[in-house]
Amino acid sequence: MKSIIQSLHTLNELDVQLQTIRKDLDRIPKQLAEKEEEPRLIKDQIERRKAEVMRLKAEADGFDLELKSGMEALKRYASQMNVLRTSKEFETVRRQMEAQRNWNKDNEDKALTLMTQADEMQKEVEALIAKLAGVEQALTVERERVGQEVGELNRQKAEWDTQRATLA
């Protein structure tokens, strides 16, 4: 009778251990899948930031083109100054030139601001790329560790299944 009770007790312990292993075999891949989500999120951030950098640079290029156009207008006003006959005409062209200079300065400031923002965002992209490399390297190590752990759990499960079958 004692041997039957001892066998049942051993069977119960094996069942508990097998249940723990099954839970671990379910839990570990889910945890790995959660960790694999982080690189995808970082890649999404990188792509969004790259698109924003491109948008900022394109907008800055637009202001640069407007600035070049304004510089051409200033050249035209300067050439008109040589052929003016009255002080009223001269004063009108001078005011137009001053307004054009202010407009050019505003466009230059906007272009510089946008380029500064683009440079800062590019630095963020580079930092995210470095972070992504670190996360992917850590994830590779984690995958290897999980693979080994799952292999060990499967080995233990097979061993205990065999012991259980023998006892049963």
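Only one of the listed residues (Gln163, Gln137, Gln156) is surrounded by fewer than 11 Cβ atoms within 10 Å (Cβ to Cβ) and within 30 Å of Lys23 (Cα to Cα). That residue is Gln137. Only one entry in Ala138, Ala99 is closer than 30 Å to Lys35 by Cα, modelled with pLDDT of 90 or more and among the hydrophobic types (A, V, I, L, M, F, W, C), namely Ala138. The condition of being under 30 Å from Ile4 (Cα atoms), of a type outside the set (S, T, N, Q) and either touching a helix residue (DSSP H, G or I) at 6+ places or on another chain (Cβ under 6 Å) or in a helix (DSSP H, G or I) (or both) holds for only one of Ala158, Ala130, Ala73, Ala138, that being Ala158.
The single condition among (1) under 41 Å from the mean Cα position of the chain (by Cα); (2) of a type in the set (Gly, Ala, Ser); (3) under 30 Å from Arg164 (Cβ atoms) that Ser7 does not meet is (1). Does Met81 count as more than 30 Å from Leu25 (Cα to Cα) and loosely packed, with under 15 Cβ neighbours inside 10 Å? Here the answer is yes, as Met81 does meet what is asked. Being charged (D, E, K, R) and open to solvent by less than 80 Å² (accessible area, probe 1.4 Å) holds for only one residue in Glu89, Glu52, Glu108, Glu72, and it is Glu52.
The values are calculated or read from the model by the stated rules, or taken from the named source; none is laboratory data. Keep in mind it's a predicted model, so treat the numbers as computed, not measured. Every residue, glycine among them, receives a Cβ derived from its backbone with ideal geometry; neighbour counts consider all protein chains shown. The accessibility values were calculated without ligands, DNA or RNA, using every heavy atom of the protein model including side chains. Shrake-Rupley method; radii C 1.70, N 1.55, O 1.52, S 1.80 Å.
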